[in-house]
Amino acid sequence: MHVIRRRAVAAGLIGSALLAALPAAVRAQAAFPSKPLRIIVPYPPGGATDVAARLLAPRLQEELKQNVVVENKPGASGNLGMVSLLQSPADGHTLAMSLTGMLSINPVTFSKAGFTAADFVPVARVSLAPLVLVVPADSSFKTVGDLVTAGKSAGKGGLPYGSAGAGGLSHLASEMLNAHADGHYTHVPYKGGAPLVQALMSGEVKWGLLGTADARGFIQSGKLKALGQLRASRSELWPDVPTVTEQGYPGGVDFDVWFGLVAPAKTPPAAVQLINQKVAQIVTEPEFRKRLNEIGGVAPLTGNTAAAFNEVLQREVTVLSKAAKDLGLQLD
């Protein structure tokens, strides 16, 4: 009897020793999530990236049974927030809400961005929406062709167009379109979509590319006019607006604006998979989809795996990084 008891105690001690010997990362992975999660937003509160994060956070909190905190870290066109993520432990508890162009354009247009796309692992996309080419409501332009014709005859002074920020997606996509159109255009950068909207309505610029979240209300109220959307096929958000490609000016620009979670590259795959599964489930829920539509987004209902997200990002890196280099865009 004593022998049996001693063997049981010895087995227990050996098991405890083996557990203690396991690498900390392995034990943490098994317990994930073991503490509150943090979603870094690399922009100020109130913008589309911030709204996407704050829409997701409460549902993700319910699913993971841990607090999920949204933290804004704006600065340097989003670079400060992304660097902050890389300075956090790669254990899955710190993520960032990124978007199209952040990981593909910024490392090219900023010599000291502090990161490359390879420093991150895509986790899950939350929202998709196209860029829309808009003009003032009283503009004589009715099609993209009208705009291109005006650009060709504008002379060296150029037809002024606005972007939501120098070196950002709206700027780069505009220049890709301009290169294909072979016209004369002058870039006027603004600090965000809202100032660009005001510039369009006041006539400071003749056209611009806006994300759906920034443009939708003004188009619906008749204050701006949509000439085209920049994606391979028409979005359910804009079924009556032809794509730029349909109108004969593809220019390689058929990227949805996505908002999605990314993590440091060394984050345990099990943590990435769990968060991906939870987000993919959440974005298909009718109430969540409805709220996304209200803010100008569409939920990615299919192909929302980490691997599929990575394919999107790699294509983006290939096309947009090359375009930024070819155009010589440099912001520091």
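The values are calculated or read from the model by the stated rules, or taken from the named source; none is laboratory data. None of the values given here were measured: they were computed from a predicted structure. With ideal geometry, Cβ positions are generated from the backbone for all residues, glycine too; neighbour counts draw on all protein chains shown. Protein only, heavy atoms only, side chains kept; ligands, DNA and RNA dropped before computing areas. Shrake-Rupley method; radii C 1.70, N 1.55, O 1.52, S 1.80 Å.
If you filter the stretch 147-161 down to residues that are of a type outside the set (Ser, Thr, Tyr) and under 24 Å from Asp256 (Cα atoms), you find that the one that is surrounded by the most Cβ atoms within 10 Å (Cβ to Cβ) is Leu147. Of everything in the stretch 257-288 that is in a loop (DSSP other than H, G, I, E, B) and more than 13 Å from Ala124 (Cβ to Cβ), the residue that is most open to solvent (accessible area, probe 1.4 Å) is Lys266. The single condition from (1) farther than 30 Å from Glu175 by Cβ; (2) not in a strand (DSSP E or B) that Gln247 fails is (1).
Among the residues of the stretch 165-189, those that are within 20 Å of Ala48 (Cβ to Cβ), modelled with pLDDT of 85 or more and open to solvent by less than 40 Å² (accessible area, probe 1.4 Å) comprise Leu169, Ser170, His171, Leu172, Ala173, Ser174.
When Arg216 is tested against (1) crowded, with 17+ Cβ neighbours inside 10 Å; (2) farther than 22 Å from Ala53 by Cα; (3) of a type in the set (Lys, Arg), only condition (2) is not met. From the list Asp332, Asp254, the lone residue that is touching a residue at least 24 places away in the same chain (Cβ under 8 Å) and open to solvent by 70 Å² or more (accessible area, probe 1.4 Å) is Asp332.
The sole residue among Pro89, Pro58 that is assigned to a helix (DSSP H, G or I), modelled with pLDDT of 95 or more and open to solvent by 30 Å² or more (accessible area, probe 1.4 Å) is Pro58.
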